Amino acid sequence: MRVWPESTSRWPPSGWRLTGWLGLVALAACGAAAGLAGDPVDGARMVIRLTARTSLMLFVLAFTASSLAWLWPSAMSRWIRANRRHFGLTFTFSHGVHATAITALSQLDPVLFDELTAPAAFIAGGAGYLAIILMAATSFDRTAAAIGPKAWRIIHGGGAWFLAVFFVVNFGRRAVLNPGMYWPYMALILAAIALRLMSQLRGRKRGVAGQGA
């Protein structure tokens, strides 16, 4: 049986090769979306929508990696767990493109941008990006060792849950207005939260600490 994390095969990719492939796919998708748009404003809005979805999917993979590997051990779940850091870093990249597209929209059509945003969105979004930056910066062995395991758990555990709630709020309010387009994504993030809570509950019952940390 093939065990992906330990395999010497070049496919599926792992580590930085996985980050590179996912980043290229995200950029290609954004380029295609912008190219199909009627004008630069529509292009920026399409990239914003697309990267919101790619960021969610990458976040869910990183958020549930440990839980999947613990609850349903398999070659696939072990591969996801082994690459959790790189899914998280690619999520950071995707959300960086998302921020770039938002900035572009604010410059291309300031009036429309003001109509689509509210002061509370800047505060919540700023807090979300701060969490993402802190988590990405401490995702490397050297920086993780520098801050210590307790601070690392606070940053990554607290940051992950903050971002999960952030996705629920943002996709939830859009799902109310456009159920067909947004409820599948709501179902995805709610399922991810349920999975992580399940693994933590079972971990406590069995005396195992830190599941999904």
## Note on the structure
Checking R78, R53 in turn, the sole residue that is within 24 Å of Y182 (Cα to Cα) and touching a residue at least 12 places away in the same chain (Cβ under 8 Å) turns out to be R53
### Task
Give me the pairs, please: first residue somewhere in the stretch 8-33 and farther than 18 Å from A75 by Cβ and in contact (Cβ under 8 Å) with a residue 24 or more places away in the chain, second residue anywhere and open to solvent by less than 90 Å² (accessible area, probe 1.4 Å) and assigned to a loop (DSSP other than H, G, I, E, B), beta-carbon distance under 9 Å, and either six or more positions apart or on two chains.
T19/P13; T19/N83; L22/P13
### Message
Give all pairs with beta carbons closer than 9 Å in which a residue from the stretch 123-144 that is without any contact (Cβ under 8 Å) to a residue 24 or more places away in the chain meets a residue that is basic (K, R) and in a helix (DSSP H, G or I); count only pairs at least 6 apart in sequence or on separate chains.
### Response
F140/R85
### Task
Name the one entry in N178, N170 that is without any contact (Cβ under 8 Å) to a residue 24 or more places away in the chain, of a type outside the set (A, V, I, L, M, F, W, C) and open to solvent by less than 80 Å² (accessible area, probe 1.4 Å).
N178
### Query
Are any of the residues in the stretch 105-115 outside any helix (DSSP H, G or I) and either of a type in the set (D, E) or closer than 16 Å to A62 by Cα (or both)?
yes
### Query
Quick check: anything in the stretch 181-188 open to solvent by 40 Å² or more (accessible area, probe 1.4 Å), touching a Lys or Arg at 6+ places or on another chain (Cβ under 8 Å) and touching a residue at least 60 places away in the same chain (Cβ under 8 Å)?
yes
### Message
I need every pair where a residue in the stretch 189-213 that is within 18 Å of V168 (Cβ to Cβ) has its Cβ under 7 Å from the Cβ of a residue that is outside any helix (DSSP H, G or I) and modelled with pLDDT under 70, sequence separation at least 6 or different chains.
### Response
R196/G212; Q200/Q211; Q200/G212
### Task
Could you figure out which of (1) within 25 Å of M186 (Cβ to Cβ); (2) free of Cβ contacts under 8 Å to residues at least 24 places away in the same chain; (3) over 16 Å from the mean Cα position of the chain (by Cα) isn't true of A44?
(2)
### Task
Look at F167 and say whether it is modelled with pLDDT under 95 and part of a helix (DSSP H, G or I).
no
### Task
For M198, work out the one condition from (1) part of a helix (DSSP H, G or I); (2) among the hydrophobic types (A, V, I, L, M, F, W, C); (3) under 21 Å from S67 (Cα atoms); (4) modelled with pLDDT under 90 it doesn't fulfil.
(4)
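The values are calculated or read from the model by the stated rules, or taken from the named source; none is laboratory data. Model, not experiment: these values are computed from the prediction. No Cβ is skipped: glycine too gets one built from the backbone with ideal geometry, and neighbour counts run over all protein chains shown. Please note that ligands, DNA and RNA were not included when accessible areas were found on the heavy atoms of the full protein model with its side chains. Shrake-Rupley method; radii C 1.70, N 1.55, O 1.52, S 1.80 Å.
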